[in-house]
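Notes for the one structure printed next.
The values are calculated or read from the model by the stated rules, or taken from the named source; none is laboratory data. Predicted model only: the values in this text are computed from it and were never measured. Cβ coordinates were reconstructed from backbone atoms using ideal geometry, including for glycine residues, and neighbour counts include every protein chain displayed. Keep in mind that these areas ignore ligands, DNA and RNA; they rest on the heavy atoms of the full protein, side chains included. Shrake-Rupley method; radii C 1.70, N 1.55, O 1.52, S 1.80 Å.
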Amino acid sequence: MTEPKQRRWAFWLGFVIVTLLVAGGVSYLASSSPDGLDSATLKGCQVIETPEGEALQGDCIAQHAQEHAMAGSPLADYAVGGQDGTGGLAGVVGVAVTVMIAGGIFWLIARTRTKPKTTVGQ
């Protein structure tokens with residue numbers, strides 16, 4: 001293999017390793033506490049566990065919230081199929097899908113570039 005090809009493969013191998021570490025490993029270190037928006041909408045309420053799931057007691061903005069259209073999607077709530085403990089796998093799947101879509105778009109863009117035209121006799 002030539003030097004540039006080796007560097008390219010080394011780069012992509014490093015990219016994949018770092019991506020898997022960040023998406024699959026670091027995601028387990030993420031806070032399960034609500035973020036700023038969630039905290040603001042929950043002011044005035046208390047989250048309680050019921051047999052049907054979580055419920056809100058009190059008066060807050062979040063009581064008027066509804067499930068969004070993508071709530072039933074395979075990677076909703078940073079989990080695979082809504083299962084606890086699958087955040088890392090959801091991260092890896094999300095990154096893989098994103099890289100494939102972006103790679104496909106970049107490949108299409110590169111294919112549509114035209115080669116410079118040369119004139120006859122040069």
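Let's see how each residue does on (1) surrounded by fewer than 11 Cβ atoms within 10 Å (Cβ to Cβ); (2) free of Cβ contacts under 8 Å to residues at least 40 places away in the same chain:
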| position | (1), (2) |
| --- | --- |
| R8 | no, yes |
| F11 | yes, yes |
| I17 | yes, yes |
| G25 | no, no |
| L29 | yes, yes |
| S33 | yes, yes |
| G36 | yes, yes |
| A40 | no, yes |
| L56 | no, yes |
When only residues in the range 58-74 that are modelled with pLDDT under 90 and open to solvent by less than 70 Å² (accessible area, probe 1.4 Å) count, which is nearest to V47 (Cα to Cα)?
A62
Which of the numbered conditions does V80 fail, given that it passes all the others? Conditions: (1) among the β-branched types (V, I, T); (2) open to solvent by less than 100 Å² (accessible area, probe 1.4 Å); (3) more than 16 Å from the chain's Cα centre (by Cα).
(3)
Which numbered condition trips up R8, out of (1) under 16 Å from the mean Cα position of the chain (by Cα); (2) closer than 23 Å to G103 by Cβ?
(1)
Please indicate, with yes or no, whether at least one residue in the range 28-39 is modelled with pLDDT of 80 or more, closer than 30 Å to F15 by Cα and under 14 Å from the mean Cα position of the chain (by Cα).
no
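How many of the residues in the range 83-94 are under 20 Å from G53 (Cα atoms) and open to solvent by 70 Å² or more (accessible area, probe 1.4 Å)? So that I can check it myself, show each step before the final result.
Narrowing the range 83-94 to residues under 20 Å from G53 (Cα atoms): 83-87.
Those left that are additionally open to solvent by 70 Å² or more (accessible area, probe 1.4 Å): 83-84.
The qualifying residues number 2.
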Select from the range 97-122 the residues that are hydroxyl-bearing (S, T, Y) and open to solvent by less than 100 Å² (accessible area, probe 1.4 Å) and write down the one among them that is modelled with the highest pLDDT.
T98
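Can you spot a residue in the range 28-38 that is closer than 22 Å to G94 by Cα and of a type in the set (A, V, I, L, M, F, W, C)? Before you say what the answer is, go through the steps one by one.
Going through the range 28-38, the residues closer than 22 Å to G94 by Cα turn out to be 28-35.
Among the residues that remain, those that are also of a type in the set (A, V, I, L, M, F, W, C) are: 29-30.
Yes, the conditions are met somewhere in the range 28-38.
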